[in-house]
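To keep things clear, I will list the structure first and then write my remarks on it.
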Amino acid sequence: MSATNSASLRRFMGRLLGWSDDRTVELAIRSLKAAIEHRAGLVLCGEGDLVPIAHGLHRRALGDDRPFVVCDPRRANRSASVRSPTNRTSGVAALEVAAGGSLCVRDRRLPHDFPALVAQLRAIDDVLFMVCTKRDYTMRLLGRPAPINVPPLAARAAEVDRVIAEYAAEAIAELRAPRTAFTAADHQWVREHAAESLAEVEKATLRLVALRTSRNPSVAAARLGMALVSLTRWLGRRTLPPMISNQSELCASITPTAQLVGHLDDAIAAAPLGEHVVHRSAEILGRRDVLASSETASMRTSSAGRAR
């Protein structure tokens, strides 16, 4: 069966565009098919960062085993991680890495060698080329294939709960977590605090599931393929659901500057924390050296008390 006829892809298109308009979904699949067959590039229009949506289309149309490469000259060259795809600052270099897969660019961050990239794209037929833009090209491009216009989630109030539920189910499957890893309280929290866009919903559901099924934020960050500092910043900017907020509040009590550079010892020295808070903070952040030091100090204090 063709990838563009797969049930998974059609469900994902419904999630992106709305489940009430089968015609819009069908036209979007036709545009994707034309891009896969290298008859045109695929243009994604909408608000916010559309790269995660482009990546989702790639995964369902071509598969995870094919490369997905972003060309963004404002970011460093880097390999793919759980958190983000491969990036190259040069268009030609990105095209080489993307062979057999997909290459994605943002129209406002085109590489310096974009003309050379376009020339090479015209000469090959093994890369799906995607452009993410905020501009609506529909009226200018009256022919087919049409761009895929992703509507803002705010305009789909009746479908937000289903969007959250589907992203949560994917997060549970990706992290191999139990169904109970995403609670009704988590769902309500995402609805109230992280439903500005599809990308925000995807990020929030994945992080909440990781936090609920990990011993501490340090382990959750490792499973998510992101730095602990980045996750604790995200935690610190939000009032999270029960249990998860309990995990994060001690992280927030550590001096922010020291936390950013990863020096828990400096943070503890600068903050008025009791011994039990030091111990729990170290446990949450995965600092076994501090745990051992804290336990040794407790034993010494206890021995000194008995000696007196």
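Bear in mind these aren't lab numbers, they're just calculated from the coordinates by the rules spelled out. Remember, predicted model here, so these are calculated numbers, not experimental data. Neighbour counts run over all protein chains shown; Cβ positions are idealised from the backbone, glycine included.
General remarks:
- Of interest is the spacing of the C-alpha centroids, which for region 33-67 and region 185-236 amounts to 25 Å.
- For region 3-151: relative contact order, % (alpha-carbon pairs under 8 angstrom, 6 or more apart): 31 percent
- Loop GluC sites (Glu not before Pro), region 1-90 (other Cβ atoms within 10 Å of the site Cβ: 11 or fewer; DSSP): E37
- Taking every DSSP beta bridge that has both ends in region 27-146, the antiparallel portion is near 5%.
- Among the trypsin sites (Lys or Arg not before Pro) within region 150-234, those in coil by DSSP and having at most 13 neighbouring Cβ atoms inside 10 Å are R176, R215.
- Rounded to whole numbers, the Karplus 3J(HN,Hα) couplings from phi for region 219-227 are 5, 4, 4, 4, 5, 7, x, 10, 6 Hz, using 6.51 cos²θ - 1.76 cosθ + 1.60 with θ = phi - 60°, and x at Gly and Pro.
- With R₀ fixed at 45 Å, the C-beta to C-beta distance from H38 to A184 puts the FRET efficiency at about 0.50.
- Taking the C-alpha atoms of region 27-152, convex hull volume expressed per residue in Å³: 107 Å³
- Counting other Cβ atoms within 10 Å as a rough exposure proxy, the listed residues F68, F12 run F12, F68 from fewest neighbours to most.
- Region 155-253: relative contact order in percent, alpha carbon pairs under 8 Å with at least 6 residues between: 25 percent
- Taking amide H atoms as placed 1.01 Å from N in the peptide plane, the amide H of F129 lies under 5 Å from those of L42, L103, each 5 or more residues away in sequence or on another chain.
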